[in-house]
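All remarks here apply to the structure that follows.
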Amino acid sequence: MFTDTLSAASVRHPKPPNTTFAYGTAGFRTIGSLLDSTVFRVGVLASLRSAKVGGKTIGVMITASHNPPEDNGVKVVDPLGEMLPQQWEPYATQLANSDNLEDDVRDIVSRENIDVAQAGLVVVGMDTRETGPQLLRAAIDGIEVFGRAKSFGELTTPQLHYLVRSHNDPGFGESSEDGYNKKIVGAVEEILRLWNIQEPLEITVDAANGVGAPKLRNLSSNSIIITIVNSNTQDKSALNVECGADYVKTNQKLPSNLQPRDHQLYSSFDGDADRVVFYYADGPRFQLLDGDRIATLLASFLNKLLQQAKVEAKMGIIQTAYANGNSTRYIQETLQIPVDFTPTGVKHLHHKAQEYDIGLYFEANGHGTVLFSDDFIDSLKSAHSSLPEGKRALKTLILLTELINQTVGDSISDLFAVLLALRIQDKTCVEWGRDYTELPNKLFKVLVKDRFAFKTTDAERRLVEPAGVQAQIDALVAAYAQGRSFVRASGTENAVRVYSEAASAADCAELGARVCQLLEPY
Ligand code: 16G
Ligand code: ZN
């Protein structure tokens, strides 16, 4: 049986002593030098997953996203470019911590009734971290115990998701990086032609010194002119440091190396290019345009196109507890679009968005996309409009379903969708910033003895455990105009997060600090 190959390979990837691993919101994530055995075992699991789904192509992405340079991480991508199903996450944790790999593999094989001979292809990609190449080899070693591996080297996370999907679904696009580029650039150029826009799309992007920089450079054309700052992927210590989407969003300030011109739009990607935020300077004032803003901009743009095309669609926006209260109000009251809330993490948002013809999901941190249901895409393709305006709107909608990544949030395609929405509607970034005014908000990180003691309900907006804490939060919140606060355990760090929001910045800071104080006994 497979035991010989497995044990021979696993000897090359010893598990570090006294370390436990957990497959969390974004897969495994920790110091990169500790991850060799884990990534090897994830490779084994990915090939088992491929066997389980009848030999379809599975993906493995090696990245720690916006985390510091010394971290790394790994996650598994399912055949349609979706996250590994939650029922399989415990298997990942089981294998990563196993002291008897053969037994644990046999256990999973029998519990899932897997025919290992069915294992097919697993495609692998990595971001630009120093530990990436070694971990990539470990992944391949693991995959080859049962299946076949194909490495694409450096990729953005959404490119890897695209490649997995296109391997299983040729209609989705050519299964190569070139195919990804062609699909995006083709859609952008055709939309520009439809709207008779001669001037190229232009913007300066902060690429967090990550993989987004070289990938974005590949897309330059006569109609796409991108200036990239923080594009140094050679200096491995520079990734995400004082730059990138997470830095800009968390600190609500400009990244290093960017000298803004007033009222001009800029954008920041994170280290693996699945998050994007925008901003502009207005004298000394810094206006962030985060994931909530991207959702509202794209939703109103899509609404206009639907009206022009005279097409009906059930549209919904999915947010998390982190969405600014005023964005939710603007969506419900001004845009008149329903809002659903889910817990943090792409897998929750993505599934909820699939319930709509057009489901827009964006986390405030800039991760998100717009999902179009297959039925809705079919109905667009068979719809007719006699008016030129209607025809153009219909074609634009169809092209947007090609441009916008249907598997996961994608900085690159979101960037172009935003630039096109602004250009076509002749809307400036300052006008975008005036759609609504954010309530002041603040995020805190609190170290507690046991973050798993914090259990939430209602899309993480209320605590059920430890008992009594939620009532204390409610009492504090009631004392502040437009106050809101919640506490949740991080899914990626050993900490608890506190969010606060209120009508004034001073109130918001005070409310947040008082909620943090409540957590001191824990
Ligand atoms: C991960 C999630 C992201 C979420 C963040 C929350 C994916 C691919 N990424 O990065 O969506 O916002 O975790 O982190 O799901 P936290 O649980 O530490 O607050
Ligand atoms: Zn990321």
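The values are calculated or read from the model by the stated rules, or taken from the named source; none is laboratory data. On a predicted model such as this, the values are computed, not experimentally measured, just so you know. Cβ: placed from backbone, ideal geometry, glycine included. Neighbour counts: every protein chain shown. Quick note on the areas: whole protein, heavy atoms, side chains included, nothing else; ligands and nucleic acids left out. Shrake-Rupley method; radii C 1.70, N 1.55, O 1.52, S 1.80 Å.
Values computed for the structure shown
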| item | result |
| --- | --- |
| Some residue of region 454-474 being closer than 24 Å to GLN307 by Cβ, out of contact with any helix residue (DSSP H, G or I) (no Cβ under 7 Å at 6 or more places or on another chain), modelled with pLDDT of 95 or more and outside the structural domain of THR334 (by TED's automatic domain parsing) | no |
| Filtered residues of region 115-130 (kept if open to solvent by 30 Å² or more (accessible area, probe 1.4 Å) and of a type in the set (S, T, N, Q)) | GLN118 |
| Residue match in region 294-314 (condition: within 18 Å of the chain's Cα centre (by Cα) and closer than 21 Å to SER500 by Cα) | no |
| Criterion: open to solvent by 30 Å² or more (accessible area, probe 1.4 Å), within 16 Å of ligand 1 (Cβ to nearest atom) and closer than 27 Å to LEU380 by Cα - qualifying residue of GLN332, GLN319, GLN354, GLN336 | GLN354 |
| Among the residues listed as LEU34, LEU95, LEU80, LEU48, the single one being more than 19 Å from ASP169 (Cβ to Cβ), open to solvent by 10 Å² or more (accessible area, probe 1.4 Å) and more than 16 Å from ligand 2 (Cβ to nearest atom) | LEU34 |
| Options ARG434, ARG423, ARG451, ARG488: the member that is away from ligand 2 (no atom under 16 Å from the Cβ) and surrounded by 19 or more Cβ atoms within 10 Å (Cβ to Cβ) | ARG488 |
| LYS381 of a type in the set (Lys, Arg) and away from ligand 2 (no atom under 16 Å from the Cβ) | yes |
| ARG41 being crowded, with 24+ Cβ neighbours inside 10 Å and more than 16 Å from ligand 1 (Cβ to nearest atom) | yes |
| The one condition in (1) touching a strand residue (DSSP E or B) at 6+ places or on another chain (Cβ under 8 Å); (2) in contact (Cβ under 8 Å) with a residue 40 or more places away in the chain that ASP262 fails to fulfil | (2) |
| Only listed residue being modelled with pLDDT under 95, in contact with a Lys or Arg (Cβ under 9 Å, 6 or more places away or on another chain) and more than 25 Å from LEU349 (Cα to Cα), chosen from THR25, THR38, THR19, THR3 | THR3 |
| Strands (runs of 3 or more DSSP E) lying entirely in region 1-116 (those with 1 or more residues that are among the aromatic types (Phe, Trp, Tyr) and not assigned by TED's automatic domain parsing to the domain that holds GLY491) | 28-31 |
| Filter result for LYS310 (open to solvent by 40 Å² or more (accessible area, probe 1.4 Å) and of a type outside the set (Val, Ile, Thr)) | yes |
| Any hit, region 255-269, residues being within 16 Å of ligand 1 (Cβ to nearest atom), within 30 Å of LEU335 (Cα to Cα) and either surrounded by fewer than 21 Cβ atoms within 10 Å (Cβ to Cβ) or modelled with pLDDT of 95 or more (or both) | yes |
| Region 357-371, subset more than 9 Å from ligand 1 (Cβ to nearest atom) and touching a Lys or Arg at 6+ places or on another chain (Cβ under 6 Å), residue least open to solvent (accessible area, probe 1.4 Å) | GLY366 |
| Subset of region 271-300 (residues that are within 16 Å of ligand 1 (Cβ to nearest atom) and under 26 Å from TYR356 (Cβ atoms)) | ALA273, ASP274, ARG275, VAL276, VAL277, ASP290, GLY291, ASP292, ILE294, ALA295 |
| Selection count where residues are buried (at least 20 other Cβ atoms within 10 Å of the Cβ) and in contact (Cβ under 8 Å) with a residue 60 or more places away in the chain, scope region 174-191 | 4 |
